[in-house]
Amino acid sequence: MNRPVIVVHGGAGNWRPERRKPGLTGVKEAANVGFEILRTGGNALDAVEAAVVCMENNEVFNAGKGSTLTIDGQVEMEASIMDGKTLNAGAAGLLKNIKNPVRLARIAMEHTDHVFVTSTAAEKLAEVFGLEKTEPLTELRLRYWGELQQKLKREKGRHYLPKLKKLLAAHPNLFETDTVGAVALDSDGNIATATSTGGLTLKLPGRIGDTPLIGCGTYADNEAGACSTTGIGEVAIKMVLAKTTCDFMRYGQPAQEAAESSIKLVNRRMRLKGSMGLIAIDMHGGIGAAHNSPHLCWAYMTSEMHEPLVALKAKIVKDTA
Ligand code: ASP
């Protein structure tokens, strides 16, 4: 019998003061929902899915309802899920109105021969399996979108989307105009992870980030551990960050050391300050969380605890060693 553990995150980045309290309450609720499944003998896959659904339904997070907007003011959500026992994985992207993208990722994993669906396949599967639809756009995200657009035009110096800034300066009429995740270990020793997002604010329509890419935003292997990433997706894609973190665990590092090793690697190779955060779990139930961003909203729960531990920071890794 293993000691069940769940770790969840509600996104890296810079958490504005108005979102901090609801964010911490939200990750606590998600950890509780996921852990209840583990506590009653349920499996890790069900636990991570339920925890992510809980955060997709909470509009404080950039996933499901509350998703951030593309440069032209649309919502395009994406999610993925992975079973560490079988290495089965599923992902869905470019979703406009599915209430719970992680459910569609699981359907792709369990009911198709593919890993990643978008467009027609995603829509048809959602229809056939009767997935609920919703209007994910919220007042809060519309306000942030307006503010960030202004900033993109005005701000001097380096922006987190430097090429977009340049593109818009050259072609002003080109366009008219915090991810969630969970990793868990169940009492049978199986590991799973899931991640869901609205993507990067002001992303180009059609842009796919790290979240639905297996190995980049999400990875789980019973022989190593599991990881869910958050931050600038392009960094996680170039570093294949979730798999890299799992490989550190595969070759012996406990989850916390592996999480820090990955962020150190990001610092050394990408030189993009404040870009990433991640959570991890190793095959022995060790917990890891690290980031180079100002915040990482996260929570964890084990069978020795009465309630989840929540925080807006984990280990911030600044050095490049
Ligand atoms: N990683 C996500 C993306 O780039 C964004 C986030 O973590 O908030 O799409």
Original post:
Hey, any idea what % of region 1-135's accessible area is carbon plus sulfur with a 1.4 Å probe?
Top reply: 48 percent
Subject >> Nitroxide proxy distance, nm - points 7 Å out along Cα→Cβ at residue 72 and residue 139 >> reply: 2.8 nm
Subject >> Label-point separation, residue 21 to residue 46 (7 Å along Cα→Cβ), nm >> reply: 3.5 nm
Subject >> Sequence of 36, 135, 78 when ordered by accessible area, the most exposed leading, probe 1.4 angstrom >> reply: 135, 36, 78
**OP:** Sort 188, 210 from largest to smallest accessible area, using a 1.4 Å probe on the heavy atoms of the protein chains.
**Re:** 188, 210
**OP:** Heads up, I need the accessible area for residue 95: 1.4 angstrom probe, whole protein in place, Å², nearest 10.
**Re:** 10 Å²
Subject >> Set of lysines with alpha-carbon distance to residue 243 below 29 Å, sequence-local pairs under 8 removed >> reply: 28, 65, 85, 96, 99, 163, 203, 264, 273, 313, 315, 318
Subject >> aspartates and glutamates with Cα under 16 Å of residue 153, excluding same-chain neighbours fewer than 8 positions away >> reply: 72, 176
Original post:
What accessible area per residue, rounded to a whole number of Å², is obtained for region 35-127 using a probe radius of 1.4 Å?
Top reply: 36 Å²
Original post:
For residue 163 and residue 3, what does the FRET efficiency come to when R0 = 56 Å and r is the distance between their Cβ atoms, rounded to the nearest 0.05?
Top reply: 0.75
**OP:** Enter the accessible area of residue 72 (Å², nearest 10), with the probe set to 1.4 Å and all protein chains included.
**Re:** 60 Å²
Subject >> Rounded Å value of the spacing that divides the Cα centres of region 189-212 and region 1-72 >> reply: 14 Å
Original post:
Are there GluC sites (Glu not before Pro) in region 238-321 that DSSP puts in a loop and that have at most 11 other Cβ atoms within 10 Å, and which ones?
Top reply: 304
Original post:
Can you give the accessible area of residue 3 in Å² (nearest 10), computed on protein heavy atoms with a 1.4 Å probe?
Top reply: 90 Å²
Original post:
Karplus couplings for region 262-278 from phi (6.51 cos²θ - 1.76 cosθ + 1.60, θ = phi - 60°), rounded to Hz, Gly and Pro as x?
Top reply: 5, 5, 4, 5, 4, 4, 6, 9, 9, 6, 10, 4, x, 8, 9, x, 7
Original post:
In bins 10 Å wide, starting from 0, what share of all Cα pairs of region 1-63 does each bin hold, as a percent?
Top reply: 24, 48, 22, 6, 0
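Over the Cα atoms of the chain, compute the convex hull volume and normalise it per residue, giving Å³.
119 Å³
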Original post:
Given labels modelled 7 Å from the Cα in the Cβ direction, how far is it in nm from residue 284 to residue 151?
Top reply: 4.1 nm
**OP:** Hey, could you grab the Kirkwood Rh for region 37-173? Inverse mean 1/r over distinct alpha carbon pairs, Å, one decimal.
**Re:** 16.6 Å
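The values are calculated or read from the model by the stated rules, or taken from the named source; none is laboratory data. Quick caveat: nothing in here was measured; it's all calculated off a predicted structure. Neighbour counts run over all protein chains shown; Cβ positions are idealised from the backbone, glycine included. The area values use the complete protein model at the heavy-atom level, side chains included, leaving out ligands, DNA and RNA. Shrake-Rupley method; radii C 1.70, N 1.55, O 1.52, S 1.80 Å.
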